[in-house]
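The values are calculated or read from the model by the stated rules, or taken from the named source; none is laboratory data. Computed from a prediction, not measured in an experiment: that's the story for all the values here. When we count neighbours, we look across all protein chains shown, and the Cβ atoms used for this are built from the backbone with ideal geometry, even at glycine.
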């Protein structure tokens, strides 16, 4: 819940020149979610964690764990821990938690296709709205944000699954076999995108 608190609908890259970037040097969206979360939880009527001394640190770290840029910095260490079977060592606990939070943030890719495809469509509308705004500002949107390249959206989803979602799911499934359906479901959804990509055509000029 906290990870998406007051979701802006804009990607981090778009916010690097916004007023928010003056407040947060790195992980702009994640730090914004942290600030709003702690603001709400510090209200007398909302302070459900008041008796937990390390609650602020835990909330902060877990939300930051959803920043993919930070995850990829730690990915080699996380992968090493998953292959070595040393994930239960105390020093590796933060790495495991980071991987689990990242997997939770990406878990839509493992949902049933009916749910996943619907949410993907909603996200695409968000992306294209940002791209439209960037064009209005005289900027060139990246391909994912470019409405004129909407026919390539299935291919972009395949790329995201291959490079991000599935590798993350494979790592966390090594931590616990009960998480292996995440990988299987993501792979099945990828096949759906592959089928759609074969049928997608560029719009006529």
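Looking only at residues of the range 60-118 that are surrounded by 14 or more Cβ atoms within 10 Å (Cβ to Cβ) and not in a helix (DSSP H, G or I), we find that the one that is modelled with the highest pLDDT is 111. Here residue 140 meets the list (1) part of a helix (DSSP H, G or I); (2) surrounded by fewer than 17 Cβ atoms within 10 Å (Cβ to Cβ) almost entirely, failing just condition (1). The helices (runs of 4 or more DSSP H) found wholly in the range 149-199 and carrying at least 1 residues that are closer than 19 Å to residue 82 by Cα and in contact (Cβ under 8 Å) with a residue 12 or more places away in the chain occupy 166-175, 180-199.
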